[in-house]
């Protein structure tokens, strides 16, 4: 007949003695399992990799007006030139005068390009003004409004150019515009095909 071991007897003492060891063993097994899981995830198991989203290409548009078959707003690609915009607008009409236009002129976003008829002078007051029509602007004679038609030149930079011209003196070369506060190499690169000094 089996005998009950009284509480606190020799059998209970044996269990109590092994309990901390068993708990420590279970803890170490759980810890090892957790580390193995982390290592597996670190090797690509279940880890989500997010790639940066592509930046959308901006839509570039310009307005073609005057003596063309289809005046209007056209979408163009970076690097396109006036000849490309003229082609999109259906080409010049019969009495168009394209001789004074710089067909190699790079298009700029929000530009206004005008093709005059024979004997007509392109409107200077139109957005884009002389620079857009292919004419060049004299840095030593241009008004602030004319300077604002240049790519990257707003009211502040146009005023700075005029102030510099009036206080320091006339520009001897186009590159001297770099002496104007706020005008750097990037701005010069954008306007150099549209300006001159006389």
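The values are calculated or read from the model by the stated rules, or taken from the named source; none is laboratory data. Keep in mind that what you see is a predicted model, and the values were worked out from it rather than measured. Counting neighbours? That spans all protein chains shown, and the Cβs are built from the backbone with ideal geometry, glycine included.
For the structure I just gave you, tell me whether residue 188 is within 26 Å of the chain's Cα centre (by Cα) and more than 24 Å from residue 61 (Cβ to Cβ).
Yes.
Which helices (runs of 4 or more DSSP H) sit wholly inside the range 52-157 and have at least 2 residues that are modelled with pLDDT of 80 or more?
The helices (runs of 4 or more DSSP H) meeting that bar are 82-88, 144-147.
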